[in-house]
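Novice: For reference, the structure I am asking about is given below.
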């Protein structure tokens, strides 16, 4: 695959959400950039490709942090090490995550599709906990359906709900577990809707856990919430032309303030929001 795929095709797969998740975007991009570096080195063409791939999903920070390391070291070894780290962090995250779950039975709410959040949930199942999961459909691209299918394949009881039903189900939820695309001083950047679920969890006194590797720590001064195409919002309407004169806004992410977060699960351990904020200074 990597011998024939073009930069434009890699970027298109990322922009279209065919490849999704900050860690997965980084892995996919680094594999392409590794092939490019072998042929062309780390010069102008490499820098151009790196910028194009970073622009494909500008909010996710993992690729940015990886590129910072690569630009500093300019070696294939640095790419190999980053790929290995990204592929191996999940087990460490899972091992740390289960330390927070002391009871035998949990109903867990999750949002969108996060490989790192799901690895914690699956680890709970393997450790003998009785787990039920409620997953949001996650509008407008229905990424939560991917989560539901994955958990069903893992034989974990799963209920799929519309995004707006979270408040209704919150009383029967024990804990919220979500991923993150980046962690900034302002808060946790994750799929749009996460902030509302964090507020609902706080209101119902339910723990709100964020799962993410430390390459998601975001120290960028310039930060952009990705705006997705309007057509994603109205794609299922029979007659979109009836929306003439209607403005549509489709942000992909929101920022959950740290005051709503109970703890962050990383490959290096479990951290309180205050500890994460200190890491970001």
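Novice: What angle do you read, to the nearest 10 degrees and between 0 and 90, between the alpha-carbon axis of helix 76-97 and the longest principal axis of the chain?
Specialist: Once rounded, one gets 10 degrees.
Novice: Taking the Cα atoms only, what angle lies between the long axis of helix 143-153 and the longest principal axis of the chain, rounded to 10 degrees?
Specialist: Taking Cα atoms only, the helix is inclined about 70 degrees.
Novice: Oh, and also: Once you have the Kirkwood Rh of the range 69-125 from its Cα pairs, apply Stokes-Einstein at 4 °C and 1.567 mPa s and quote D in µm²/s.
Specialist: Values: Rh = 13.4 Å.
Answer, rounded: 96 µm²/s.
Novice: Given the alpha-carbon gyration tensor of the chain, what are the semi-axes of its equivalent ellipsoid in whole angstrom, ordered largest first, with each equal to the square root of 5 times an eigenvalue? Walk me through the numbers on the way to the answer.
Specialist: Values: eigenvalues 185, 118, 63 Å².
Ellipsoid half-lengths, sorted descending, are 30, 24, 18 Å.
Novice: Additional query: Please list the three semi-axes, largest first and in whole Å, of the ellipsoid equivalent to the range 216-281, using sqrt of 5 times the eigenvalues of its alpha carbon gyration tensor. Kindly include the intermediate steps, with their values, before the conclusion.
Specialist: Numbers: eigenvalues 283, 35, 20 Å².
They are 38, 13, 10 Å, listed from largest to smallest.
Novice: Using 15 Å as the cut-off for backbone N distance, which residues of the range 164-200 belong to the label zone defined by a point 7 Å from the Cα of residue 249 along Cα→Cβ?
Specialist: Hits in the range 164-200 for residue 249 at 15 Å: 192-193.
Novice: Also, quick follow-up: Based solely on its DSSP helices, what 222 nm [θ] is calculated for the chain when runs of n ≥ 4 H residues each add -39,500 (n - 2.57) and the sum is averaged over all residues, nearest 500 deg cm²/dmol?
Specialist: Details: 11 runs with 123 residues, N = 281.
Mean residue ellipticity at 222 nm (helix-derived): -13500 deg cm²/dmol.
Novice: Take the chain, connect every pair of alpha-carbon atoms lying under 10 Å apart with a spring to form a Gaussian network, then pick out the residue of 44, 244, 87 with the largest mean-square fluctuation.
Specialist: Its mean-square fluctuation being the largest, the pick is 244.
Novice: Of 241, 182, how do they rank once you tally other Cβ atoms within 10 Å and put the fewest first?
Specialist: Lowest to highest Cβ neighbour count: 241, 182.
Novice: If the elastic network links every pair of Cα atoms under 10 Å, which of 55, 126, 15 fluctuates the most in the Gaussian network model of the chain?
Specialist: Taking springs between Cα atoms under 10 Å, the residue moving most is 126.
Novice: Here is a further query. Compute the Kirkwood hydrodynamic radius of the range 7-88, taking the inverse of the mean of 1/r over all pairs of distinct Cα atoms, and give it in Å to one decimal. Don't skip to the answer; put the middle values down first.
Specialist: Details: mean 1/r = 0.0807 Å⁻¹.
Across the range 7-88, the inverse of the average 1/r is 12.4 Å.
Novice: Let me ask something additional. Only Cα pairs within less than 10 Å get springs; with that Gaussian network setup on the chain, which residue of 248, 79, 199 has the largest fluctuation?
Specialist: Result for the chain, Cα springs under 10 Å: 248 fluctuates most.
Novice: Mind checking the angle between helix 62-73 and the chain's longest principal axis? C-alpha axes, 0 to 90 degrees, to the nearest 10.
Specialist: Once rounded, one gets 30 degrees.
Novice: Still on this model: Considering the range 22-153, what Rg and Dmax in Å follow from its alpha-carbon atoms?
Specialist: So, for the range 22-153, Rg and Dmax equal 18.0, 55 Å respectively.
Read the figures in this text as sums done on the coordinates, not as results from a lab. What you see is a predicted model, and the numbers here were worked out from it, not measured in a lab. Heads up, the Cβs are rebuilt from the backbone with ideal geometry, glycines too, and the neighbour counts pull from every protein chain shown.
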